[in-house]
Amino acid sequence: MLENMYDLQGYETDATLLNIILGAVPLVADCQLNALIKAGLQYYRLEPQIPQSLSAMDKIKTSNISALETAAANYISQGGNGYQTFNNIINLLKDQI
């Protein structure tokens with residue numbers, strides 16, 4: 001995963017600990033979701049593609065927030081890539097009321 005890592009004294013290291021930590025994060029989420037599924041719960045994920053220009057976590061300008069809202073709205077609107085999944089979730093929630 002990582003190559004040419006150096007410790008605080010400038011010696012090259014294989015970054016084993018960092019690789020373990022970075023690899024553990026998605027594994028924890030995967031284990032938690034699998035446990036929910038085994039318990040009989042349904043899991044749906046809406047994951048629109050966000051353009052690189054909008055993806056900076058610290059870019060909190062009003063124009064960027066508006067662009068993110070537009071991207072989300074386009075994703076779940078009719079013809080959007082998430083339209084069917086979004087409507088499936090809405091219908092399942094309505095059935096539970």
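Readers should treat all values here as calculations from the given coordinates under stated rules, not as data from a laboratory. Note that the coordinates shown come from a computational prediction; the quantities given were computed from them, not determined experimentally. Note that each Cβ is placed from the backbone with ideal geometry, even for glycine, and that neighbours are counted across all protein chains shown.
Below are the figures for this structure:
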item	result
Correct choice for Cα Rg over 2.2 N^0.38 Å that was computed from the model, options (i) 1.46; (ii) 1.65; (iii) 1.59	(iii)
Virtual spin-label span in nm between SER53 and ALA29, 7 Å along Cα→Cβ	2.6 nm
Phi-based couplings in Hz for the stretch 63-78 (Karplus 6.51, -1.76, 1.60; Gly and Pro marked x)	5, 6, 5, 4, 5, 5, 4, 5, 4, 5, 5, 5, 5, 9, 6, 4
Cβ-Cβ FRET estimate between ASN81 and THR16, R0 fixed at 41 Å, reported to 0.05	0.60
Relative contact order (%) - criterion: Cα under 8 Å, at least six apart; region: the chain	16 percent
Phi-based couplings in Hz for the stretch 26-35 (Karplus 6.51, -1.76, 1.60; Gly and Pro marked x)	x, 5, 5, 4, 5, 5, 5, 5, 5, 5
